[in-house]
Structures are given as structure tokens and as C-alpha cells.
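The values are calculated or read from the model by the stated rules, or taken from the named source; none is laboratory data. These numbers come from a predicted model, not from an experiment. Note: ideal-geometry Cβ built from the backbone for every residue, glycine included; neighbour counts use all protein chains shown. Please note that ligands, DNA and RNA were not included when accessible areas were found on the heavy atoms of the full protein model with its side chains. Shrake-Rupley method; radii C 1.70, N 1.55, O 1.52, S 1.80 Å.
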Amino acid sequence: MKDRVELTARSLLLGAAVTLVFTAANVYLGLKVGLTFASTIPAAVISMAVLRAFKNSSIYENNIVQTVASAAGTLSAVIFVLPGLIMIGWWSGFPFAQCFGVCAIGGILGVMYSVPLRRALVAQSNLPYPEGVAAAEVLKVGTAAGAADERNRAGLLALVGGTLASAGFAVIVATRIFAGQIAGYFRIGSATTGLGFSLSLALVGAGQLIGLSVGLAMLTGLFIAWGIATPVLTALHPAAGPAADVATTVWSHQVRFIGAGAIGVAALWSLGRLARPVAAGVASALAASRRRRLGEIQDEPRTERDLPIGIVALISLGCLIPLAILLANFLAGGRLMPIAGWLTLAAVIYVVIAGFFVAAACGYMAGLIGSSNSPVSGLAILVVIGASLMLLVIARFAGVTAPSELIAYALFVTAVLLCVATISNDNLQDLKTGQLVDATPWRQQVALVFGVCVGALVIPPILNLLNRGYGFAGAPNLHNAIAQPLPAPQATLISALAKGVIGGQIDWALIATGALVGAIVVAADELLRTTKRAALPPLAVGLGIYLPASTTAPVVAGAVIGWLYNRWAARAGDVRAKQTGVLIASGLIVGESLFGVLLAGLIVSTGRPEPLGLVGDAFAKASTALGAGAFVLVVGALFRWAGTLSRTCASSK
């Protein structure tokens, strides 16, 4: 049998090289707008283009490249926390050893946690994993592109067409000829509300991939946020100013915390429901380990061979020693030294236990709506609140008063946990891709560890570069390298929460209200599931409350459009139409993601926030009309074309 080309030196090196681009882009964009993008699909596209030059390259090798690059790029989400240490004045720069330790230790723990979770959330689950499915389609079509099969060529055409349409539309948006989003805000008496809609073809593609059930659940959350919570809260506390400013301020400072509470309850409920499959996954991994010791490994399918559970446990335990050293060194020389041992022990236990639950919740959410749209920062809110309360109780019990040190330590612990969460959030998506392309799990898991180490090496110098060049808004040591420092919105929110909990200034009523909403949605979902005809995924409802309306609305639209398209295909009896639609949707994600990387590079290299801008604010009304009209036309034309392509495939049989 021909040797399987999968985990090779060139795949690891290419993955590391791609990492440099995507990690830098993600760090910058995350600090700029508070969002990051999944690099899985762009990395797969680049890998296929490069490795095509080698005669013995394979789809499995391309899968390893995207696995390494996406794991490293995902770690950039640590910027949701670490800049907070600059903002509170604890750090003036990003010390390499500490930042590397946070990323590497947290990331490797995330990979280890995802090993038993793979069996529960990937192998034995019907979660859609939109980006994982899209990446698998990209790999399949790209690898088969050289074949003479007309259906493969039609599939590649669908993928490329969606990619070009999405990238082209994003280019025009960057010139400001098309608006990037449309929004309207208004008052009804003393109440204020509104809605935004991002003109993002990538989000429409993601909506099609997640399906109607999740899309409608997100629509429910959107209605709760903007149809109930925002109008009620603005009416209770009327404020002067433009309706847009009033509504968005109330949503970001109050309603979003309701969403965080709902996500917390929904996550806990989902974890409860996952307890049995997760336990079965761990038991399956232990059974595989026993068979391996008894020499029965040949009976286990290659696609079910994870890293041996004994090695997973050994690596996990091995991470705890450097983690304890890292945490203890952070406390060295400060006012918390008398209780440093207790704080270190508590933090290690918190990372181990909470880390597993957060990893499972993040993995579930990634499977539900995709890594890019998964609200990791929503769980980070709950994590930093838990860490802050834990540390505060220990300090008060010991009679130690050091609020600034406690805030900094809470952020540092949260950063480690966030790395665990984000890696699991991304890894399970990668492992889903691997499952669909017949990859070997343990080889992917080795590649994931390698990717984590590469990302941990790259992120600290990038953060230091941006800190020196831009600085962060609100930091006491801010130097005016440019007029507008990076806002780092998520880090600002997380650090404010740590201050609020430790300083006793957080509004627990909002979190409790969200928890109540989450409980009601869970009950409604359970009731609907008894009918076996409908469901209301609680996490998706929480996402609809927590995520910006401009992000949620196009995802909902994509879900409805995808449902209508699939319904048409079923009525027409076109069995390939659904796959063609998936490829179009995948292309929409690919094109905008690749252009996002390019645009981030242009922004950094030119120092201009809008390097491609051709028109000014005076063109805003025209750009809104042009963008909205073009958006509708492009979406309609693409799905009409998808139907034509599927008929072409059918006629070629």
C-alpha cells in the first residue's frame, strides 16, 4: 500500500509560515474592532496552491497545513484580555516569557481537552460545524480540481465564483462606494431602539451553513435584545443625544450583560446534556488505550485513533507545573506574596476544572454556529467574574487588601483560560474537517500542538509592535504614535469587569436577568423538542442577544435563504443542488476572509484606517443605497447560478 502523505515536515513548515500572516491580521483586527476571523479556509486555499507544485501532495497534507495555521491564528484571541494589563497600568509592554507561557500552556491544555471531546462533539454528534464543513468542501473540490470529472469542475467553479463575488464585494466596500452596513435607530416615546445589518456575504454564507433552526433561534435573541430589552431600558432611563448613540450605548453596557447571563445558563444546560456523550467519549478513549496496550490497535479504525489517553493525561498534568510557576512568578514581589501559594493553587484548580467546562461549551458553540461567530468573549465575561470572585474571597479571608494586584492577577488567570477555550473552539472545527476528508485524528492533534507553539512564539512580538506603534486607548502610558490608538474593545470590557467585581461595582441584576431569560429559553426548547418537529437552541438565542445586531441579522438572513434554496432543490429533485449551495456559501466565507487578511496588511503598512477609500462622508447616503441594492442582487444572482450549476452537474452524469 502506498504510504499516506499526511503529517510531513513541509506541511508543518508551510503551516507555520501561513501562521505569520493570519496571526498578525487577527491580532490587529481584534484590537481594532473586537472581532477575529477563522483562518481555516484561507489557510486551506493557500496550502492547495503551494503544495500543488509537489507531485505527491495530498488532501490530508493540506488538511494538516490548515490545522497548524488555524490553531496558531486562533490563539490571537488572547488579545481580548492581555491588553487589559496595559490599560490598568500593570504592564508597560508585553513580556515575552509570560505571554508565551500563557499562550503555550493554555493552548496545549485546550488541545488535550479536545481529544476526548472530539468523540463526544464530532464523532458522535450532529452539530453542523459550518466552517469545518466549508473547509472540507474547499479541500475536496480543490484536490479534485485536476480530475477530468465535469462535476468536480462545476463544484470548483461554484467555490471560485462565491470566492470572487465575496472578495469583490468586500473590495468595493473598502473603497466606501458601497456601505459596509445599513442601520436605522428611532424613538417611540421615551424608548429607543433600532437595527443594524452588515453587508457581509461571508455572514450570509455562514447563515446558510448553520441551518434554519439555529438561525431562527438567533432571530429570537435578536428580538429579545432590540425588540424588548433595549427599548425597555432606554425608556426606564431616558438619555439625550442621537437615537443611535443612546441605543448602542445601552446595548453594549447593559443588554450585552443580559446576553452573557443567558449564554452562561445555556452553556451550563448544554454541558449537562453533553455529560453523557462526553463521559462516553472519555470511556471510548480509555478503551482504545487498553486495546493499544493489548496489541489490538489494528481493530480500531484509523479515523478513530486519537492521541492515547494516557499521553493526553501525562501532557495535561505536565502543563500544570509550568502553569503554577508562571502564576507564582506573576505574583512575585507584590503585596499578594503572603498568600501567593493559596492564590496559585486556587488559580491552577480553576484553570483545570473551569477550563474543561469552558472548552466543552466553546466546542459546542463552534459546532453550532462556527468558530468566527462563537462568542468566546461572552464566556470570557463569566470566566473573569468567576476568577475575580474567587481571588477576592481568598484575599478577604486572609485579610489582604491589594485591589490593583487582584485585578491584574484575575486578568492573567482569565488569559490562560481564554487560550484553553479558544483552542478548543477552533480545534473541534478542524477535527470535523479532518473527519470529512478521512484524516487521522492523532496526526491532526500533533499538528494542533505544533500550531499552538508557533502561535505562542509569534503573538508577543506582534503585540509589542502594535503597542509601540499605536498604543491602547485608555492606557496610562499611552504615547501618541498615531492620532487614534487601538481601542481593544473586548480587553476594555473584561478589565472593567474585573475592576467592577473586585471593587464591588458590577450590576449583578443584569447577569441575573440574563440567567432568567436563559432558563426560560431552555424550558421552551425542551418543550419544543418533545414535539420532534422544532427546537430553539438556547445558546443560539443567547448569541442573538450578545452579538451585535449587524452580525446576527445577515446570519439569520443566510439561514432563511439557505432553507428556501434547499427547499427548492428538494422540490426540483436536484440531489446535487444542496452541495452546490454549500460550495457557494463556502466561497463567500473564503473570499471575504482572504481579503480581510490583505486589507489588514494594507492598514498596518500604510498606517491609514481606510487605505482603499475613494469617497468621503458626503457619499454616505449614496453608498448605503448602492451597497444594499448590490447586496440583494449579488445574493440572488449567486443562488440562481447555483441552481444552474447543479443542473449542469446532473446532465454530466
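List the equivalent ellipsoid semi-axes of region 376-427 in whole Å, largest first, each obtained as the square root of 5λ for an eigenvalue λ of the Cα gyration tensor. Walk me through the intermediate numbers first.
Details: eigenvalues 127, 16, 12 Å².
One finds semi-axes of 25, 9, 8 Å for region 376-427.
Over the alpha-carbon set of region 511-605, divide Rg by the Kirkwood Rh and report the Rg/Rh ratio to two decimals.
Working: Rg = 18.5 Å, Rh = 16.6 Å.
We get a ratio of 1.11 for region 511-605.
Cα centroids of region 207-264 and region 418-462: how far apart, whole angstrom?
Using only Cα atoms to place each centre, the spacing works out to 33 Å.
Roll a 1.4 Å probe over the protein chains and send me the accessible area per residue for region 41-101 in Å². Don't skip to the answer; put the middle values down first.
Working: 1760 Å² over 61 residues.
Here the residues of region 41-101 average 29 Å² of exposed surface.
Please turn the phi angles of region 633-643 into ³J(HN,Hα) values with the Karplus equation 6.51 cos²θ - 1.76 cosθ + 1.60 (θ = phi - 60°), one per residue in order, whole Hz, x for glycine and proline.
Once rounded to whole Hz, the list reads 5, 5, 4, x, 5, 5, 6, 5, 5, 4, x.
Given R₀ = 35 Å, FRET efficiency for LEU389-LEU602 by Cβ-Cβ distance, to 0.05? Write out the running numbers ahead of the final one.
On the way: r = 43 Å, r/R0 = 1.24.
Once the sixth-power term is evaluated, E becomes 0.20.
Got a sec? What order do VAL556, VAL393 fall in by accessible area at 1.4 Å, biggest, i.e. largest, first?
These residues rank, largest area first, as VAL393, VAL556.
Whole-Hz Karplus ³J(HN,Hα) for region 425-440, in order, using 6.51 cos²θ - 1.76 cosθ + 1.60 and θ = phi - 60°, x for Gly and Pro?
Values, residue by residue: 4, 8, 4, 5, 5, 5, 5, 5, 4, x, 4, 6, 9, 6, 7, 9 Hz.
How would VAL420, VAL21 rank on accessible area, largest to smallest, probe 1.4 Å? Walk me through the numbers before you get to the answer.
Values: VAL420 0, VAL21 80 Å².
From most accessible down to least: VAL21, VAL420.
Amide H neighbours of LEU199 under 5 Å, counting only residues 5+ apart in sequence or on other chains, H built in-plane at 1.01 Å?
Under 5 Å from the amide H of LEU199: GLN181, ILE182.
To the nearest 10 square angstrom, what accessible area does TYR364 show with a 1.4 Å probe?
In the full protein context, TYR364 sits at about 40 Å².
Note down the accessible area of ARG302, probe 1.4 Å, to the nearest 10 Å².
For ARG302, the solvent-accessible surface is approximately 60 Å².
Which entries of LYS140/LYS578; LYS432/LYS532; LYS55/LYS432 show an alpha-carbon separation above 21 angstrom in the structure shown? The partial results should precede the final answer.
Numbers: LYS140/LYS578 16 Å; LYS432/LYS532 26 Å; LYS55/LYS432 26 Å.
Checking Cα-Cα distances, LYS432/LYS532; LYS55/LYS432 exceed 21 Å.
Taking θ as phi - 60°, what are the ³J(HN,Hα) couplings along region 303-317 by the Karplus curve (6.51, -1.76, 1.60), each to the nearest whole Hz, with x for Gly and Pro?
6, 10, 8, 7, 4, x, 4, x, 5, 4, 5, 5, 5, 4, 5
Would you pull out the residues with amide H under 5 Å of PHE178's amide H, same chain only if 5 or more places away, H placed 1.01 Å from N?
Answer set, sorted by chain and number: VAL173.
How much of ILE311 can a 1.4 Å solvent probe reach, expressed as accessible area in Å² and rounded to 10?
My reading of the accessible area for ILE311 is about 80 Å².
At a Förster distance of 30 Å, what's the computed FRET efficiency of VAL560 paired with LEU465, Cβ-Cβ distance as r, to 0.05?
Values: r = 43 Å, r/R0 = 1.42.
That gives a FRET efficiency of 0.10.
At a 1.4 Å probe radius, carbon and sulfur cover how many percent of the accessible area of region 415-561? Don't jump to the answer; show the numbers that get you there.
Numbers: 3310 of 5070 Å².
The computed percentage sits at 65.
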